[in-house]
1. Looking at (1) within 12 Å of the chain's Cα centre (by Cα); (2) modelled with pLDDT of 90 or more, find the lone condition where residue 70 falls short.
2. Given the condition surrounded by fewer than 14 Cβ atoms within 10 Å (Cβ to Cβ), outside the structural domain of residue 138 (by TED's automatic domain parsing), under 20 Å from residue 144 (Cβ atoms) and out of contact with any strand residue (DSSP E or B) (no Cβ under 7 Å at 6 or more places or on another chain), answer yes or no: does some residue in region 10-17 qualify?
3. Of the residues 127, 96, 120, only one is outside the structural domain of residue 76 (by TED's automatic domain parsing) and modelled with pLDDT of 90 or more; which?
4. Across region 126-177, what is the number of residues that are surrounded by fewer than 14 Cβ atoms within 10 Å (Cβ to Cβ) and not in a helix (DSSP H, G or I)?
């Protein structure tokens, strides 16, 4: 079954769409979640949460703006990160007192963060395709260096060296030291 057929089933709220989503995209979702969530139970919860988000938000998907698998991957990554944040917050087990300052960003910090993200996105466009893939796998999808090395048929040392050079290029492009 193809992407368009799956999205059509999901839009029609046909349960077969959920089955096909899991069959065709379940391995990809698991692949994205695995480096972020290490507990198998958390992974399964996140998989279910991701599939439900795709079901709930299918109307927001626009095939002209991007590919379905990229959209699903983004939802999976964000769900896994949110799940990891929730787990780490619960790990402390104690209530926050009122004397602890809020960790929320101020409006000015939010604007600066958005501008830095855009600068980084633009700088990434100047990297080669291989460099960009390596950067995204390590820092966006949070894959381990060992996993990247194994899947790209490189040594761990080669991956580390390439990442070091990529960060140097980006630092130079972004005006860092």
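The values are calculated or read from the model by the stated rules, or taken from the named source; none is laboratory data. None of these values were measured; they are calculated from a predicted model. Counting neighbours? That spans all protein chains shown, and the Cβs are built from the backbone with ideal geometry, glycine included.
1. Single failed check for residue 70: (2).
2. No.
3. After ruling out the rest, the residue left standing is 127.
4. Final tally of qualifying residues: 8.
One line per residue, one yes/no per condition, for (1) surrounded by 11 or more Cβ atoms within 10 Å (Cβ to Cβ); (2) in a helix (DSSP H, G or I); (3) in contact with a strand residue (DSSP E or B) (Cβ under 9 Å, 6 or more places away or on another chain); (4) assigned by TED's automatic domain parsing to the domain that holds residue 137:
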site	(1), (2), (3), (4)
47	yes, yes, no, no
51	yes, yes, no, no
59	no, yes, no, no
65	no, no, no, no
70	no, yes, no, no
74	yes, yes, no, no
83	yes, yes, no, no
86	yes, yes, no, no
